[in-house]
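Right, one structure below, let's go through it.
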């Protein structure tokens, strides 16, 4: 099992690439719009699943047992009541 921060690094790389080439924005709206649109159109690059994620989950279940099963990763919540 290898822990990685590649998704975080990918977001940082995309934002840095956009902002380092821009000298100034013409107004505040443009300053807010540029990062928003950049994140919106590049989210595919960091929302990929981790390589061998199923194997990693199995190793986590073996290592942490019930603690891992009780607290599944975000988006993998087992049936919610209510």
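Values quoted throughout were computed directly from the atomic coordinates according to the rules given, and no laboratory measurement underlies them. Computed from a predicted structure; not experimentally measured. Don't worry about glycine lacking a Cβ; one is built from the backbone with ideal geometry, like all the others, and counts go over all protein chains shown.
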Sorting check: for 19-27, 57-65, which peptide has the highest mean count of neighbouring beta carbons within 10 Å, and how do the rest follow? 57-65, 19-27
Distance in nm between label sites at residue 36 and residue 10, each 7 Å beyond Cα in the beta-carbon direction? 2.4 nm
On full extension of the chain, what length is gained from residue 19 through residue 54, given 0.36 nm per residue of separation minus the C-alpha to C-alpha distance? 9.0 nm
With 0.36 nm assigned to each residue of separation and the Cα-Cα distance removed, residue 43 to residue 61 gains 3.6 nm
